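Read through the structure below, which is laid out as structure tokens, and then see the notes.
The values are calculated or read from the model by the stated rules, or taken from the named source; none is laboratory data. Note that the coordinates shown come from a computational prediction; the quantities given were computed from them, not determined experimentally. To get the accessible areas, we keep the full protein, side chains included, count just its heavy atoms, and leave off ligands, DNA and RNA. Shrake-Rupley method; radii C 1.70, N 1.55, O 1.52, S 1.80 Å.
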Amino acid sequence: MSQLVTGDAVVLGLQPAKLPSRAIAVSLDLAVLVTAYLLLNLLVTSQVVALGGAALAAVQVTMLVLVLIGVPMAVETLSQGRSLGKLALGLRVVRDDGGPIRFRHAFVRALVGFLEILATFGVIATVASLVSARGRRLGDVFAGTLVVRERIPTGRTTVLPSPPPHLADRFAALDLSNVPDGMWLAIRQYLTRLPKLDSRVAWSMGVGLADELAARLGSPPPPGEHPASYLAAVAGERQRREIARTFRDRPVPPELRWALGGSGGPGTPPYAGPRPAPGGGSPAGMGTTGPDGAPVAALPAAVPGFAPPAPTGSA
């Protein structure tokens, strides 16, 4: 579930980078890497040439692997998906669910990239990107990643809504490893676009996602909760773990600290209570803003016996 289309024809998805911008970013990266390799090769060769042909060949292969595979892998891991070329073009490598990549993702991308970009002069990577609906090369397919645009003309980013206070820490002990990245992406897209969805579309999509998530976790939604509240609570727990893991050895940025504090603490995006729909009826979501002024999707409040919105039209 990497992409969802609502009944209103609203596509929920990240904005994949197009082939031209990716090609320019790769060209910039390769120019830097090849230059570094040639300079290092000249420097080291002059020092080991006296040791014989076998030693020279071993050193050259080692440098080739180190510079053309090891360096891209280290750069993408440490920068969380932004190499020099991607930084210049406003691109970033993310997981299929939109989260930051880790060492294993960067390792697979660098290893496969050596074969499909360098060994074939980019032919395989170009063909794969043209065939893929989201412009992914083989390294992205095997690593479970996607190159997306960071600088989007719409301006502000959207952060996940905070869950209702009574659900903030309820799922802290869950094992989330059974949920695939594609499903996390679908949940994240649904939650961030919730204020823009029709109430009936939001209900039907939320029920489908909540049922599938509950089946994988073995933990059903609490009775009387809107499915969006359940999805936000579980997704918020995963987000908290990701932030804690990513910033384990360094300070957490101020704009992310609220996500580590559950439902409390200064700077936490507020939970929006029930807001009657025009003319009465079930509560509807309403927008609010997070600590950095970015829009945060507000969730419907828990209502005992909450039911789907009644269909329109004559009885």
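Before moving on, here are some points about what is shown:
- Per residue, the range 4-149 exposes an accessible area of 51 Å² to a 1.4 Å probe, with every protein chain left in place.
- Segment Ala31-Glu150, length gained on full extension (0.36 nm per residue, minus Cα span): 40.6 nm
- Per residue solvent-accessible surface (Å²) - the range 181-259, probe of 1.4 Å: 42
- Residues Phe114, Phe121, sorted by accessible area with the largest first, give Phe121, Phe114 [1.4 Å probe; ligands and nucleic acids excluded].
- For the residues Asp97, Asp169, a 1.4 Å probe over the protein chains yields an accessible-area ranking, largest first, of Asp169, Asp97.
- Protein-only accessible surface order, largest first, of Trp203, Trp184 at 1.4 Å: Trp203, Trp184
- Relative contact order for the range 4-149: 27 percent, from Cα pairs under 8 Å spaced at least 6 residues apart, divided by residue count.
- Computed accessible area, Lys86, all protein chains, 1.4 angstrom probe, square angstrom: 10
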